[in-house]
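Structure, as structure tokens:
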Amino acid sequence: PQELEAALEREAKLGASLSHKGIAAVFDFGFHGDKSYTVFEYVEGETLRQVMQRRGRIPLEEVVQITADLAAALDFAHVQGVVHRDLKPENVCMTAAREFKILDLGVARDVKRDLESGDYSGTPAYSSPEQARCQSADGRSDQYALGLMVFGRSPIPTRSSC
């Protein structure tokens, strides 16, 4: 419990340190009984998964713009030493203004602190090969997931060996 509270506090502070238009803000965190919570900015809209299901194939020009916006937000996080580690269409929201925001930094990690930990977190279908082998993840792992989102599926089996 005390270790869990400390870990939650580190992750919430990490998320709160990221102030970028392409990343949902973290406002608060804490515990209610034995359950942890994080209060994120409310982002009204659809997840990228919902957009893809509703629209089907998205024109290349839009895919390029979406990818560029998400890559800029990830670059900002990576410069700050933060890796999302669970980037997927369900963790991206399109607002009514057609802007995209990365959501759910609940498994984000400080690269400097966790470089050797090798703890697995993420969604197997969007995990990089190093994550699937329980090796350290860095910004390249998020870029890999972004590439899979553009490609549409993983080119390798999605089984974790952890």
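Read-outs: derived from the displayed coordinates by stated rules, not from any lab. Keep in mind it's a predicted model, so treat the numbers as computed, not measured. Heads up, the Cβs are rebuilt from the backbone with ideal geometry, glycines too, and the neighbour counts pull from every protein chain shown.
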* Pairwise centroid distance, computed over Cα atoms, of segment 16-60 with segment 62-107, Å -> 9
* Please give the peptides 76-87, 53-64, 38-49 ranked by average Cβ packing (other Cβ atoms within 10 Å per residue), highest first, as a rough proxy for protection. => 76-87, 38-49, 53-64
